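Asks: My questions all concern the structure below.
The values are calculated or read from the model by the stated rules, or taken from the named source; none is laboratory data. Everything quoted here is computed from the prediction, not taken from an experiment. As a convention, Cβ positions derive from the backbone with ideal geometry for all residues, glycine included, and neighbour counts pool all protein chains shown.
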Amino acid sequence: MTISSSSGDVPWSLLEYDEFADAYQEHVEPEFRADGHDPTAEKPTHAWLRENGFRTLLYTLREHHDTTFGTFWSEKLGYSENEAAEGYEWAVDDEATVEALESFLDSRRNRGDLSESSIKALRGRLNRYVRAYYAATGEDAVLRRVDPGGDVPAHRATDAAWAAIDRLDADDDLADRTVARIHEAASHWYDYLLRRQRASVNPVTGVGEEYNWNRQTDGDPVALDATHVRALNNATETVGERLLVIALCGWGLRSGEVAGLHASQFALNVDPPFVAFDERKNGPGEVSLLYGVDVVEDRLTELSERDEWNGYFFPSSQSSSGHIANQTVRNRFADLVTRAGLPPQIGGESPVPQMGRRFWYSAYSEAVEDVAESIEEIAAEQGSSDSTVVLENYLSDERARQLRREHMRTELREAFD
């Protein structure tokens, strides 16, 4: 079929699906390239396609060929989201900085086993940091002051980085939690460069101690944070102790639920694995095990080797119930708090197991926020400024759950590992 050279005259509705790729590459890609984009590394948004006369293309793919533009772009044209990351528009142009950012993301993707949606959220936070750095210092060579071969004093590198964080903290449109997570992403990036001898210092170390990002308002329940959980986990000396920390902080169980855990409650050969409860106050009857299944299996192996085992994960021969008491869980937790060197007061309260459960809820809330951040691009393509609209109206319940699980796994791995 002969196709006119004008974008508005392309008879998209008359094309066979196999003809779409040639027509797209002949008519859409040149205009996208002329707009300053790389058509093989960046996917045009729906807004760009509509504004540039390709609204019929979107309609025809959806109504005539029962597919989306994203599917056509990735499957028919053979472009991928990972390739698109190479064309990501960073807020700075310095090649060394961009290469260091992408290298870090590649490491987190390949070694950290992060999902692509988690990578997108992390990339967005890093971009906000380097944008703030440029705005605060006028320099887009973000790594110049931390160059191991340079002669910039460490305090000057720190001053520049802290100026960037100050700028973020002063932005009324950013919540405290958002600024804290941008700082965390930047700190992890600098730590990555330090380990590879590509930076002389992490200039944002200790910034969080200067701010009150994690402050509790009156009436808010006090929760452990990721550093507390990591310290508790590192302080464990036995499989049983590690399971106790994971059950409290990684699954969000109550002390009594931990004390009475029984092998019959666990389903480990399903996706995702879960632990079930007959009755549970203010919570689901099944709790997904997004972290720690290997520890459950180790504990099962350990206990099954005993001559007499009643099936409880924390058995007790002294108790009529067959398992340890709630107070024993609290006592063991207190011992771990001491060994881990946690402060005697967190948010004005002594550390208790309930704070581990609250950590789980806090991590889950952050996972939900991550999902919202990761689908902002989809929201924009749908003409919505609110990503929650896409989450509620365009993603299936199962897909939304899957995304939340992916991000929750990331939150838990970063806390425990």
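Asks: Do we have Thr178 as over 22 Å from Glu406 (Cα atoms) and of a type outside the set (Gly, Ala, Ser) here?
Replies: For Thr178, the condition - over 22 Å from Glu406 (Cα atoms) and of a type outside the set (Gly, Ala, Ser) - is not met.
Asks: Something else now. What number of residues within segment 343-363 satisfy the criterion of being over 18 Å from Gly250 (Cα atoms) and assigned to a loop (DSSP other than H, G, I, E, B)?
Replies: Within segment 343-363, residues that are over 18 Å from Gly250 (Cα atoms) and assigned to a loop (DSSP other than H, G, I, E, B) number 6.
Asks: Could you give me the residue pairs with C-beta distances under 7 Å whose first residue belongs to segment 14-42 and is assigned by TED's automatic domain parsing to the domain that holds Gly53 and under 14 Å from Glu75 (Cα atoms), whose second residue is at pLDDT 80 or above and among the basic types (Lys, Arg) wherever it lies, and which are 6+ apart or on separate chains?
Replies: Phe20/Lys76; Ala21/Lys76
Asks: Among the residues that make up segment 279-295, is at least one of them loosely packed, with under 14 Cβ neighbours inside 10 Å, under 21 Å from Pro353 (Cα atoms) and hydroxyl-bearing (Ser, Thr, Tyr)?
Replies: no
Asks: What are the residues in segment 313-337 that are assigned to a loop (DSSP other than H, G, I, E, B) and either closer than 23 Å to Ala231 by Cβ or under 36 Å from the mean Cα position of the chain (by Cα) (or both), if any?
Replies: Across segment 313-337, the qualifying residues are Phe313, Phe314, Ile324, Ala325.
Asks: In segment 142-154, how many residues are under 31 Å from the mean Cα position of the chain (by Cα) and surrounded by fewer than 19 Cβ atoms within 10 Å (Cβ to Cβ)?
Replies: 4
Asks: Out of the residues in segment 362-417 that are under 10 Å from the mean Cα position of the chain (by Cα) and at pLDDT below 75, which is surrounded by the fewest Cβ atoms within 10 Å (Cβ to Cβ)?
Replies: So, considering only residues that are under 10 Å from the mean Cα position of the chain (by Cα) and at pLDDT below 75, the one surrounded by the fewest Cβ atoms within 10 Å (Cβ to Cβ) is Glu369.
Asks: Checking the condition without any contact (Cβ under 8 Å) to a residue 24 or more places away in the chain and of a type outside the set (Phe, Trp, Tyr), which residue from Arg145, Arg196 passes?
Replies: Arg196
Asks: Something else: If only one of Val201, Val258 is among the β-branched types (Val, Ile, Thr) and modelled with pLDDT under 95, which one is it?
Replies: Val201
Asks: To continue, here is another question. Among the candidates Leu232, Leu248, single out the residue that is surrounded by 18 or more Cβ atoms within 10 Å (Cβ to Cβ), within 22 Å of Ser321 (Cβ to Cβ) and not assigned by TED's automatic domain parsing to the domain that holds His155.
Replies: From the options Leu232, Leu248, the qualifying one is Leu248.
Asks: Against the definition (loosely packed, with under 14 Cβ neighbours inside 10 Å and either free of Cβ contacts under 8 Å to residues at least 40 places away in the same chain or not assigned by TED's automatic domain parsing to the domain that holds Glu398 (or both)), how does Val270 come out, yes or no?
Replies: Taking the combined requirement at face value, the residue satisfies it.
Asks: Considering only segment 263-273, I want to know if a residue exists there that is in a loop (DSSP other than H, G, I, E, B), at pLDDT below 95 and either of a type in the set (Val, Ile, Thr) or at positive phi (or both).
Replies: For segment 263-273, residues in a loop (DSSP other than H, G, I, E, B), at pLDDT below 95 and either of a type in the set (Val, Ile, Thr) or at positive phi (or both): present.
Asks: Can you find, within segment 299-356, the residue that is farthest from Leu232 (Cα to Cα) among those that are among the β-branched types (Val, Ile, Thr) and surrounded by fewer than 14 Cβ atoms within 10 Å (Cβ to Cβ)?
Replies: The qualifying residue farthest from Leu232 (Cα to Cα) is Thr301.
Asks: Here's a follow-up. Restricting attention to segment 78-122, which residues are at pLDDT below 75, farther than 18 Å from Val371 by Cβ and of a type in the set (A, V, I, L, M)?
Replies: Once the filter is applied, which keeps residues that are at pLDDT below 75, farther than 18 Å from Val371 by Cβ and of a type in the set (A, V, I, L, M), segment 78-122 yields Ala84, Ala85.
Asks: Is it the case that segment 39-59 has a residue that's assigned to a loop (DSSP other than H, G, I, E, B) and more than 19 Å from Glu89 (Cβ to Cβ)?
Replies: Yes, the conditions are met somewhere in segment 39-59.
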